[in-house]
Amino acid sequence: MSNNPAQLQKRIDSIDILRGIVMVIMALDHVRDFMHQPAELDDPLNLLTTTPILYFTRWITHLCAPTFVFLSGVSIYLQSLRKTKAQLSSFLIKRGFWLIFVECVIISLAFTFNPFYNFILLQVIWAIGISMVILGLLIRLPYKVMLILGLIIVFGHNLLDIPESKPDFKAGFWWDLLHHGFFAPYTIWKDHLIGIMYPFVPWTGLMILGYCAGIFFTAEYSSEQRRKILLRLSLSILTFFVVVRFINVYGDPHPWSVQKNGLYTFLSFMKVHKYPPSLMYMCATIGISIMALYFLERIQNKVTDFFRVFGRTALFYYILHFYLIHTICAILFFTRGHSFEFAITAAKQNPFLFLIPGEGYSLGIVYLIWAFVIISLYPICKWYDQYKTDHKEKWWLSYL
């Protein structure tokens, strides 16, 4: 086995590059949410109304959350090589609670622009945070036990679709929090709601599997050994996806069906369920992401350097991009002739300030704004990346 430091650095680079790629793609979906004219009125994956380009614009962003959660698990395993179990457990629990705070306070404000926090969202950062807390509690378990636990959660959680499919099923708070919820609102106190977008159990299972996959990115495996493993693993996962999805019995709460032509039948086949992430959703996205890791390890150029910057500053970028996108949305709101008073009135129906359902722009404009957001954020993310490199002694940087 190879212990070459250069190879280990390249392995870490491939992780950062892929993380950066999905962070950039993720911004496209958020720009679409805020700017696209039909975004608040219809599902871009609705086969009755969508177009192939709109469908693809939404579907490609499916890669983002599972890839980020999976790579978070990989990074945790790599941290375990330089921390004791006690140190890693303490770090994960503290960082997990910090991420939950970030979600509820910083990201919810960016998403709603409501300083009174009438609507708090539990999205992907919440899911990562609570998964880190759980992983911090489990980290002392043997590797094989962790692997079995992750597999049971990921492959078995869709069994919960069976009771959910019954006509008289009603999800309560804890069921929504664990598995079912998608924009499930619950009152915290008068006029203050919490919305569950990411029920966390499936995401925790995926992070555990990412942690177990981290072993392939250690110096125990040479570059060639690792790439062979990644290729075989990717092909196995994607083959499993095709076979199980074709059978159309288990792994996703919404079966595919034959459509008006072959293209739309394929779109139906690929329309996998994200909230919560079904087994088929995770297989399709993680299979592709592992394949990307296989290729990225041997690619090193200015393009990968660009994406690596975002991958190395992921949370910093994530927070900034939401504030920038919503600020642009607010500016465009006023350019359309609306007043601040109208925004306050409209917020009684829509918790996202300056976002009016049915208003917005074409998909082409969405892509232009997305490019502007990425180009605008690159310099500050590059600066922050360099700052972290030059100030490794500052403990708080590991939390951002």
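In the range 362-397, which residues are over 21 Å from D305 (Cα atoms), in a helix (DSSP H, G or I) and of a type outside the set (A, V, I, L, M, F, W, C)?
G364, Y367 - these are the residues of the range 362-397 that are over 21 Å from D305 (Cα atoms), in a helix (DSSP H, G or I) and of a type outside the set (A, V, I, L, M, F, W, C).
Go through the range 275-288 residue by residue and tally those that are among the hydroxyl-bearing types (S, T, Y) and either exposed (fewer than 15 other Cβ atoms within 10 Å of the Cβ) or in contact with a Gly (Cβ under 7 Å, 6 or more places away or on another chain) (or both).
We begin by selecting, within the range 275-288, every residue among the hydroxyl-bearing types (S, T, Y); these are 275, 278, 281, 285.
In the following step, the residues that additionally are either exposed (fewer than 15 other Cβ atoms within 10 Å of the Cβ) or in contact with a Gly (Cβ under 7 Å, 6 or more places away or on another chain) (or both) were identified as 278.
Adding up the residues that qualify gives 1.
Can you tell me which condition F354 does not meet? The list is (1) modelled with pLDDT of 95 or more; (2) outside any helix (DSSP H, G or I); (3) of a type outside the set (S, T, Y); (4) farther than 28 Å from R58 by Cβ, and all the others hold.
(4)
Count, please, the residues in the range 8-41 that happen to be within 22 Å of I328 (Cβ to Cβ) and not basic (K, R).
20
So if I check each of Y198, Y281, which one is within 30 Å of L141 (Cα to Cα), part of a loop (DSSP other than H, G, I, E, B) and not small (G, A, S)? Spell out the reasoning first.
Working: Y281 fails: part of a loop (DSSP other than H, G, I, E, B).
Testing whether each residue is within 30 Å of L141 (Cα to Cα), part of a loop (DSSP other than H, G, I, E, B) and not small (G, A, S) leaves just Y198.
Touching a Gly at 6+ places or on another chain (Cβ under 8 Å), touching a residue at least 24 places away in the same chain (Cβ under 8 Å) and surrounded by 13 or more Cβ atoms within 10 Å (Cβ to Cβ), is that true of V373?
no
Can you work out which of the residues in the range 167-192 that are part of a helix (DSSP H, G or I) and in contact with a helix residue (DSSP H, G or I) (Cβ under 7 Å, 6 or more places away or on another chain) is surrounded by the most Cβ atoms within 10 Å (Cβ to Cβ)?
H180
So which residues in the range 337-370 are of a type outside the set (G, A, S), touching a Pro at 6+ places or on another chain (Cβ under 9 Å) and surrounded by 16 or more Cβ atoms within 10 Å (Cβ to Cβ)?
Those that are of a type outside the set (G, A, S), touching a Pro at 6+ places or on another chain (Cβ under 9 Å) and surrounded by 16 or more Cβ atoms within 10 Å (Cβ to Cβ): none in the range 337-370.
Which residues, taken from the range 325-336, are crowded, with 19+ Cβ neighbours inside 10 Å and under 30 Å from K388 (Cβ atoms)?
Scanning the range 325-336 gives I325, H326, C329.
Considering only the range 236-274, state which residues are touching a residue at least 24 places away in the same chain (Cβ under 8 Å), surrounded by 14 or more Cβ atoms within 10 Å (Cβ to Cβ) and not in a loop (DSSP other than H, G, I, E, B).
Listed by number, the residues that qualify are I237, L238, F240, F241, V244, R245, Y264, L267, S268, F269, M270.
Can you name every residue in the range 365-400 that is among the β-branched types (V, I, T), within 14 Å of T313 (Cα to Cα) and at pLDDT 95 or above?
Answer for the range 365-400, where residues must be among the β-branched types (V, I, T), within 14 Å of T313 (Cα to Cα) and at pLDDT 95 or above: I374, I380.
The values are calculated or read from the model by the stated rules, or taken from the named source; none is laboratory data. In this text, all values refer to a predicted model and were calculated from it rather than measured experimentally. FYI the Cβ positions are ideal-geometry reconstructions off the backbone, even for glycines, and counts take in every protein chain you see.
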